[in-house]
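As structure tokens, the structure follows; a few thoughts come after it.
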Amino acid sequence: MNNIELLLYENISDEKSFHSQRDKLIVLYYLYVITHKEKYLCELNSTIVFINNNYCGGLDTSVWFGLASIAYPITSLNYVYPEFCNQLISKIYLGFNYSLHSDENKNSYKFYDLFRGVSGTLRFLAENCMEDIQNELIENVEYLCELILYKGKMQVFNVSPEIYVRNHEKMKKYPNGYFDYGLSHGLAGVLASLSLSYTQGIQSEKILDCIYKLTKVQLESLMCLPSDRCIFPGRKSEKIDTKDFEKNYYNWCYGTIGILNSIILANKVLCDVQIKKIIINMINEMLSFDFKEENNLFFCHGLAGSALILYNWIPNFSKKKSYKIKKKAEDICNFIMSNIENKAFNMYEDAHNEFSIIDGKSSVYLVLFIIQNDVADEDVFSKMVFLK
Ligand SMILES: [Zn+2]
């Protein structure tokens, strides 16, 4: 058994909560599709049975806390679970429609974001919904675009302080709220979802116009810092601490690399020559960046996330540029490996738990396992986090 395979397998939690069972399912899915070992398929089956018996009754269809999270690996194994797949897809479409047209929470970022909101579910449906409801889905996405562009203000990305100040000490530096440009909860996430869905056939003039306007706002946020480094800020308020942006440069959730990922996806739709120039300049900067400045190894706000983003960029560029991107991703993976071997694992203070595939040790092992093995279309985790 390969070292990373063993680490990944040994770091599965046996807790019965939804998030632990979801992570277990996704890890077992990768272990099975990469190694084809029967024992992983057996454990995968019993995990699916447990989740179905305990967690499939509700209508939370989000991509992290709801049904879409488990539907990604299960629909990828369609040949093993065809009937269950169809049930899940129908339920997710119902849930998406219900939340889009109910009057609750439309002003909350959680309504739109990747984890709990409609943008995560939309990316799943764009790839998996039946052809006969595609036109209806397009109409729903046009309605979503209207909500986002309401009066041209994109107010939905303004996060008010009462939502977070009570819970998060570090957010107290935004006493009057902030505009959220980030990939995990903000504008970049919605932009990535619309762009990926567009590439999957969810297309219309209105949706194209929305992608264009969101890209424009994202590009207008580009800032050059005193250090000469140019960044996309994840959060912006009237008072800006540029040191934070330097530190967050290589983060998936709120860093420049995560936002640049959304701009690359959007420009696959827009095919704009000027935007391409900005992308190439930013990538050149990314490649010269000393990633060891980053302070942890996890996926969400650490080096594993950057490595997986770079890995997914490889097919998008010329041979010469792709080679350099691949080399950078490998350098980061080697750095992570040496940290693991030296047991210098830097547990980030905000880590959800060490088993988490988003900000725990499993997130690091999972990314290394994905990059070491060519999983191509079966790489559902990269799809769930808007990298492909
Ligand atoms: Zn994060």
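Taking the stretch 292-335 only, how many residues are touching a helix residue (DSSP H, G or I) at 6+ places or on another chain (Cβ under 6 Å), closer than 28 Å to ASN11 by Cβ and away from the ligand (no atom under 16 Å from the Cβ)?
The qualifying residues number 10.
Across the stretch 63-111, what is the total count of residues that are among the basic types (Lys, Arg) and within 17 Å of GLU127 (Cα to Cα)?
Quick first cut of the stretch 63-111, residues among the basic types (Lys, Arg) only: 91, 106, 110.
Filter again for within 17 Å of GLU127 (Cα to Cα), leaving 91.
So the answer is 1.
Working only within the stretch 285-309, note down all residues that are among the polar types (S, T, N, Q) and in contact with a Lys or Arg (Cβ under 9 Å, 6 or more places away or on another chain). I'd like the intermediate steps shown before the answer.
Here is the first cut: in the stretch 285-309, the ones among the polar types (S, T, N, Q) are 288, 295-296, 306.
Residues satisfying the conditions are ASN295, SER306.
Mind listing whichever residues of the stretch 98-118 are surrounded by 17 or more Cβ atoms within 10 Å (Cβ to Cβ) and part of a helix (DSSP H, G or I)?
Step one: filter the stretch 98-118 for residues surrounded by 17 or more Cβ atoms within 10 Å (Cβ to Cβ), giving 99-100, 109, 111-118.
Hits for the stretch 98-118 are SER99, LEU100, TYR109, PHE111, TYR112, VAL118.
Listed residues PHE381, PHE345, PHE335; which is modelled with pLDDT of 90 or more and either assigned to a loop (DSSP other than H, G, I, E, B) or under 20 Å from the mean Cα position of the chain (by Cα) (or both)? Spell out the reasoning first.
On the way: PHE345 fails: modelled with pLDDT of 90 or more; PHE335 fails: either assigned to a loop (DSSP other than H, G, I, E, B) or under 20 Å from the mean Cα position of the chain (by Cα) (or both).
On inspection, the qualifying residue turns out to be PHE381.
Hey, among the residues in the stretch 355-381 that are of a type in the set (Ser, Thr, Tyr) and surrounded by 24 or more Cβ atoms within 10 Å (Cβ to Cβ), which one's farthest from the ligand (Cβ to nearest atom)? Let's see the steps before the verdict.
Applying the first criterion (of a type in the set (Ser, Thr, Tyr)) to the stretch 355-381 yields 356, 362-363, 365.
With surrounded by 24 or more Cβ atoms within 10 Å (Cβ to Cβ) added as a condition, the list becomes 362-363, 365.
Working: SER362: 15, SER363: 10, TYR365: 18 Å.
Only one residue fits best here, namely TYR365.
Looking only at the stretch 185-206, decide whether some residue is within 16 Å of the ligand (Cβ to nearest atom) and outside any helix (DSSP H, G or I).
Checking the stretch 185-206: at least one residue is within 16 Å of the ligand (Cβ to nearest atom) and outside any helix (DSSP H, G or I).
Within the stretch 119-147, which residues are within 21 Å of TYR72 (Cβ to Cβ), of a type in the set (A, V, I, L, M, F, W, C) and in a helix (DSSP H, G or I)?
Narrowing the stretch 119-147 to residues within 21 Å of TYR72 (Cβ to Cβ): 119-131, 133-134, 137, 140-141, 144.
Subsequent filtering for residues that are of a type in the set (A, V, I, L, M, F, W, C) retains 122, 124-126, 129-130, 133, 137, 141, 144.
Across the stretch 119-147, the qualifying residues are LEU122, PHE124, LEU125, ALA126, ILE133, LEU137, VAL141, LEU144.
As an exercise: evaluate TYR150 against (1) assigned to a helix (DSSP H, G or I); (2) of a type in the set (Ser, Thr, Tyr); (3) within 22 Å of the chain's Cα centre (by Cα) and give the number of the one condition it does not meet.
Of (1) assigned to a helix (DSSP H, G or I); (2) of a type in the set (Ser, Thr, Tyr); (3) within 22 Å of the chain's Cα centre (by Cα), only one is false for TYR150: (3).
Against the definition (modelled with pLDDT under 85, within 16 Å of the ligand (Cβ to nearest atom) and either acidic (Asp, Glu) or surrounded by fewer than 16 Cβ atoms within 10 Å (Cβ to Cβ) (or both)), how does LYS247 come out, yes or no? Break it down into steps so the answer makes sense when it comes.
Details: modelled with pLDDT under 85: yes; within 16 Å of the ligand (Cβ to nearest atom): yes; either acidic (Asp, Glu) or surrounded by fewer than 16 Cβ atoms within 10 Å (Cβ to Cβ) (or both): yes.
Yes; evaluated as a whole, the condition is true for this residue.
Suppose the filter is away from the ligand (no atom under 13 Å from the Cβ) and more than 30 Å from THR121 (Cβ to Cβ); does GLU285 pass it?
Details: away from the ligand (no atom under 13 Å from the Cβ): yes; more than 30 Å from THR121 (Cβ to Cβ): yes.
Answer is yes for this residue.
Hey, can you tell me all the residues within the stretch 33-84 that are part of a loop (DSSP other than H, G, I, E, B) and modelled with pLDDT of 95 or more?
Residues of the stretch 33-84 that are part of a loop (DSSP other than H, G, I, E, B), as a first pass: 36-37, 56-66, 77-81.
Result: HIS36, LYS37.
Among the residues of the stretch 217-244 satisfying the criterion of being assigned to a helix (DSSP H, G or I) and at pLDDT 90 or above, which is surrounded by the fewest Cβ atoms within 10 Å (Cβ to Cβ)?
Residues of the stretch 217-244 that are assigned to a helix (DSSP H, G or I), as a first pass: 217-220, 242-244.
Subsequent filtering for residues that are at pLDDT 90 or above retains 217-220.
Details: VAL217: 14, GLN218: 20, LEU219: 16, GLU220: 7.
Per the criteria, the residue is GLU220.
Please find, within the stretch 1-50, the residue that is surrounded by the most Cβ atoms within 10 Å (Cβ to Cβ) out of those that are of a type in the set (Asp, Glu), without any contact (Cβ under 8 Å) to a residue 60 or more places away in the chain and under 24 Å from ASP377 (Cα atoms).
Out of the qualifying residues, it is GLU43.
Please name all residue pairs, on different chains or six or more residues apart, with Cβ atoms under 7 Å, provided the first residue is in the stretch 172-191 and is on the phi > 0 side of the Ramachandran plot and the second residue is part of a helix (DSSP H, G or I) and away from the ligand (no atom under 16 Å from the Cβ).
Final answer for the pair search is GLY177/PRO161.
Take the stretch 284-306 and flag every residue that is within 20 Å of LYS383 (Cβ to Cβ) and touching a Leu at 6+ places or on another chain (Cβ under 8 Å).
Correct list: PHE299, ALA304.
The values are calculated or read from the model by the stated rules, or taken from the named source; none is laboratory data. On a predicted model such as this, the values are computed, not experimentally measured, just so you know. Backbone-built Cβ (ideal geometry, glycine too); neighbour counts: all protein chains shown.
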